[in-house]
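The values are calculated or read from the model by the stated rules, or taken from the named source; none is laboratory data. Just so it is clear, the model here is predicted, and its values are computed rather than measured. Cβ placement follows ideal geometry from the backbone for every residue including glycine, while neighbour counts extend to all protein chains displayed.
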């Protein structure tokens, strides 16, 4: 599959902004959708809209097949041992909150420790802070090394017998560096501590095999991997999901309801209370199909590597630019940077007028901004539909914008 | 120059530039040429809420007229506040409080800023109005 063929699958990429071709480099915030996803979404609304699982009529069966088919697709995509270990949520944030609430309720007590890292998204910090407040537990923070990577040995040093869970990101949405998740998990397991991995960025860029990583939980959002918004996944090892109490009550999550007491549905339904996002969840199927084909495409691999090499070199050679997350061998084409003497928002505003969509600000990672000693950064994040030409246009535009502002 | 004349002047100035990049260039120049704002005035109470970048605004009354000074850590924002100040500094409280600030929409500033930045613009206008109505 060539990049041109890939681009033709994404109608939005033909958009012109202020008369200029759109260069969409905010993929880490949300990815664009291929036509296959848009069509799937539309077909479900137009032709198979019915509430899933319960009713016996034809439309309900169609909707249920589509929804449960998505579960099978996710299972194979991340190589989960069983489909019951795939729980659908509204996004990675909901997945992490589910674990913080349910695992926390059962397994975390006063004086226990939860470990997060300094490069987490707020969604992998605040749920744990809330848990710690509720339970009187302690939140501990693991730092990153100078190149922006988490170090298994540093993690080993802060793990104590009080630790009840470690929550780490596969790839920070700011630093764009792949963390050695397998080794980090191994360190935790030696100490008998389970690990939740925030895979929001990781699942987009890396081939994820949850059995190989051996993580206890893996969370990600659909919208960052080309699926409809409001879709998300929580993979959890069966032993934990079985032992955890339900998160929310109501709808599909019950077996029998009596005022004398209610019993719960088996996995994964136990964690899918209320009406599910059945028009959107099945879009995970074409979305993950696309993600897989893009990842396996040699053209895409070559283009992404060329973009990474070029932008990395340009940013590290330019003395006006400070790039964060410089671990070269673990870097993905996601670049957060500051320009000395220039406010990130000014740059974003000018780049916007040049047709380039980048992210500016704190990127939902205020603790990391404090750690790096900045008030905000600019981020350009590339996707398989981005071209080397776009990368060159971005760098040229960035240089022009810097000159305007300095 | 009356308030109306000044507003008209700015509308004409902006209409000279077809491209938004050129308008930004003009705002950047305005921002760079803004009179220095003393560091000790960069206090919490002079900070305008609702902007992504930090903007400080101060007003002093002399001979029945208000004179504004301002600063921002982002240069385009600084240009925008500088533009507003150039229009409203040296006017009476009544004149400022009674104005509809419609020229801001006329030069296309509002729709050409990101929603977050546009909110900042609204906050800047509200603060100027409040200072005119209540004083500090």
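Residues in the range A:348-387 that are within 21 Å of residue A:148 (Cβ to Cβ) and within 11 Å of chain B (Cβ to nearest Cβ): A:360, A:361, A:362, A:375, A:376. In this structure, residue A:61 does not satisfy being under 24 Å from residue A:221 (Cα atoms) and free of Cβ contacts under 8 Å to residues at least 40 places away in the same chain.
Counting the residues of the range B:31-41 that are within 14 Å of chain A (Cβ to nearest Cβ) and out of contact with any helix residue (DSSP H, G or I) (no Cβ under 6 Å at 6 or more places or on another chain) gives 1. Residues satisfying the criterion are absent from the range A:290-304 (criterion: touching a strand residue (DSSP E or B) at 6+ places or on another chain (Cβ under 7 Å) and more than 30 Å from residue B:22 (Cα to Cα)). Among the residues of this structure, residue B:48 counts as one that is modelled with pLDDT under 90 and away from every other protein chain (no Cβ under 13 Å).
For the range A:371-382, how many residues meet the condition of being in contact with a helix residue (DSSP H, G or I) (Cβ under 8 Å, 6 or more places away or on another chain) and in contact (Cβ under 8 Å) with a residue 60 or more places away in the chain?
In the first step, residues of the range A:371-382 are kept if they are in contact with a helix residue (DSSP H, G or I) (Cβ under 8 Å, 6 or more places away or on another chain); the result is A:375-378, A:380, A:382.
After this cut, where a residue has to be in contact (Cβ under 8 Å) with a residue 60 or more places away in the chain as well, the list is A:377, A:380, A:382.
Matching residues across the range A:371-382 total 3.
Which of the residues spanning the range A:320-347 are within 13 Å of chain B (Cβ to nearest Cβ), farther than 18 Å from residue A:26 by Cα and touching a helix residue (DSSP H, G or I) at 6+ places or on another chain (Cβ under 7 Å)? Correct list: A:339, A:342, A:343. Restricting the range B:9-30 to residues that are out of contact with any helix residue (DSSP H, G or I) (no Cβ under 8 Å at 6 or more places or on another chain) and in a helix (DSSP H, G or I), which is farthest from the other protein chains (Cβ to nearest Cβ)? Ranking the candidates gives B:9 first. Of the strands (runs of 3 or more DSSP E) lying entirely inside the range A:293-406, none contains at least 2 residues that are modelled with pLDDT under 95 and surrounded by 23 or more Cβ atoms within 10 Å (Cβ to Cβ).
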